[in-house]
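Step one of this worksheet: look at the structure below.
A short reminder: the numbers here are calculations on the coordinates, not readings from a lab. Computed from a predicted structure; not experimentally measured. For neighbour counting, all protein chains shown are included, and Cβ atoms are generated from backbone atoms with ideal geometry for every residue, glycine included.
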Amino acid sequence: MTSPAAGGPLRVAVVGAGPAGVYTADSLTKKDPTTEVDIFDRLPAPFGLLRYGVAPDHMKMKNLAGTLQKVIDNPTVRFFGNVELGRDITTTELLADYHAVVYTVGASTDRPMGIPGEHLRGSIAATDFVAWYCGHPDAEAQPVELDAQHAAVIGLGNVALDVARILVRDPEEMAPTDVPDSVLDALRASKIRDVHIVGRRGPEHVKFTLKELREMGELPGVDVVVDPAHFGNVPDELEKNLAKMVEEMRSWSTRESTGAPRRLHLHFFAPPQEVLGTERVEGLTIKRGDGVETLPVGLVFRSIGYLGVPVPGVPFDEANKIVPTADHRVVGGQVEIGEYAAGWVKRGATGVIGTNRSDADHTVEVIVGDRDQLLARDVKPGSAEELIRARVAQLVTIEGWAGIDAQEKALGEKRGNVRVKVHTWQSMLEAAGHTLG
Ligand SMILES: Cc1cc2nc3c(=O)[nH]c(=O)nc-3n(C[C@H](O)[C@H](O)[C@H](O)COP(=O)(O)OP(=O)(O)OC[C@H]3O[C@@H](n4cnc5c(N)ncnc54)[C@H](O)[C@@H]3O)c2cc1C
Ligand SMILES: NC(=O)c1ccc[n+]([C@@H]2O[C@H](COP(=O)([O-])OP(=O)(O)OC[C@H]3O[C@@H](n4cnc5c(N)ncnc54)[C@H](OP(=O)(O)O)[C@@H]3O)[C@@H](O)[C@H]2O)c1
């Protein structure tokens, strides 16, 4: 380790090892290589939604894990997995050990639609579906049954595109990805042939990005169906990328059917009204002009945004579902100076992975500016680690994560892939070197 800067090394706890957390550690250690950063995550594996959100068929994006890995391999950065703030350690305990605590816990729950029938069997939050196909250990308890010909995906954002693409894509194209075998089997057995993307507004209001949208029009074995009438009132003047997206979708509206085995339907100006059914989903009503139309779907995936969840001991803005901050410092925290936030938990659930890099940089600039006040805080280095080691029998350090990583690569080799996810709590902890009863 380099010799400490004047005033001694700054000790920072980062809670959440997603992109925002890892970029925070990176920025802190780049600004001052003596900074000691411990990153905690409730999961045994780092990288948050890069690992458990980014779609498995976007394999190039997943390679970013290599860059994030280099950060946690830095000698002054440590990873402590299977440690949940609020369950295994408290904010007070972290603040007693570290000069600063940065909350980067993301936004892990779904935004509800608030319509009748939303909680019938077969009405699924994108958060749960995404967690399932990404092999998130919490998803093992809720296997997904893709047992209907028609499925609706509500929302016009990139997550809706991911969900729709995974549902409509030829499952054999998922075989080279890291999805667990159980997910691949379920996709192969899927009865879904028609996926309906349902948006409450028009083509000029989509939240997609161009590359992701274009991909939908190029999926082998999939016809895209969209009514040309939806483009009648689109304004002439639109932002450049939006104009390109509207043109792309307009071009789909005049495509002839090729008789492909699966279809992707786009419905605009169609606010969802009710999920129909008694025990499970039997249809979805959508508003159409002055009337109501029923889509004959047996599955409904709501993909209308992610929301933050409160963490015990951390201030929470209930209205916006974020940790409240002013100039990146947490408002209403336990100490005057010492608590910060970055990423989705601070900004809300918008922005791509790269957005969190500049966002983390902004938070770190403020931490560095507060350095003298932070170093004046009376802390007892090592006290939190002592508590965690006593409380968390299956602590996962960087070595444990290396064990999970190695096992995933070995599983991948069997399927001819780079990696296949180890996806249950038990198998992850065992791969991390723990013996479970
Ligand atoms: C389905 C989906 C697909 C996406 N695809 C892309 C894509 O292809 N390209 C792109 O650029 N962006 C994509 N994004 C956006 C990108 O994932 C986010 O911008 C980014 O992950 C947000 O980073 P974060 O660190 O704030 O949150 P997260 O990535 O959610 O990380 C938060 C971390 O905190 C941990 N945590 C939560 N609570 C606690 C606690 N109490 N104690 C300890 N740890 C805790 C979590 O386990 C998690 O690891 C996607 C988002 C979603 C939802
Ligand atoms: N490949 C990638 O780069 C990638 C992949 C996935 C996610 N991401 C990023 O992750 C972030 C989150 O994505 P997201 O798709 O979850 O969110 P998003 O981009 O905010 O999109 C949410 C969608 O839900 C709609 N919606 C909200 N409330 C609704 C309601 N009650 N009824 C019907 N529709 C409703 C919104 O419509 P209105 O506009 O009408 O409100 C919007 O179309 C985004 O920044 C996204 O770009 C990136």
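Please compute the volume of the convex hull spanned by the alpha-carbon atoms of region 8-139 and report it per residue in Å³.
That works out to 124 Å³ per residue.
What whole-number volume per residue, in cubic angstrom, does the convex hull of the C-alpha atoms of region 181-220 give?
128 Å³
Checking the a/c ratio against 1.5 first, then a/b against b/c, what shape does the Cα gyration tensor give for region 201-240?
Here region 201-240 falls in the oblate category.
Give, to the nearest whole percent, the P(r) tail of region 265-319 beyond 14 angstrom, counting all Cα pairs.
Summing the P(r) of region 265-319 above 14 Å gives 65 percent of all pairs.
Who wins for biggest fluctuation among Val198, Val418, Val309 in a Gaussian network model of the chain, springs between alpha carbons below 10 Å?
Val418
With r as the distance between the Cβ atoms of Asp227 and Arg415 and R0 = 30 Å, compute the FRET efficiency 1/(1 + (r/R0)^6) and round to 0.05.
0.15
Taking the dipole about the Cα centre of the chain, with the C-beta of Lys and Arg at +1 and of Asp and Glu at -1, give me whichever of Leu375, Gly433, Tyr133 is farthest to the positive side.
After comparing all options, I get Tyr133.
Need one number: the % of Cα-Cα pairs in region 282-437 sitting beyond the 28 Å mark.
Every Cα pair in region 282-437 considered, those over 28 Å come to 54 percent.
Over the chain, what is the percentage of antiparallel beta bridges among all DSSP beta bridges, to the nearest 5?
Expressed as a percentage, antiparallel bridges in the chain total about 30.
Compute the FRET efficiency between Glu212 and Asp378 as 1/(1 + (r/R0)^6), taking r as their Cβ-Cβ distance and R0 = 60 Å, and round to the nearest 0.05.
Taking R0 as 60 Å, the efficiency between Glu212 and Asp378 is 0.75.
Around Thr424, under 11 Å between beta carbons, what's the net of Lys plus Arg minus Asp minus Glu among the other residues?
-2
How long are the semi-axes of the equivalent ellipsoid of region 88-241, defined as square roots of 5 times the Cα gyration tensor eigenvalues? Whole Å, largest first.
32, 24, 16
What does the highest-first list of 38-51, 242-255 look like by mean Cβ count within 10 Å?
Most protected by this proxy first, the peptides run 38-51, 242-255.
Please give the FRET efficiency for Thr278 paired with Asn63, using the beta carbon to beta carbon distance and R0 = 51 Å, rounded to the nearest 0.05.
For Thr278 and Asn63, the calculated efficiency is 0.65.
Using only the C-alpha atoms of the chain, find the volume of their convex hull and express it per residue in Å³.
153 Å³
What is the gain in length, in nm to one decimal, between Ser251 and Leu238 on full extension, counting 0.36 nm per residue of separation less the C-alpha to C-alpha distance?
Stretched out fully, the Ser251 to Leu238 stretch lengthens by 3.0 nm.
So what's the Cα pair-distance distribution over region 64-114, bin width 10 Å, in %?
Per 10 Å bin, starting at zero, the Cα-Cα P(r) for region 64-114 comes out as 16, 40, 31, 10, 2 percent.
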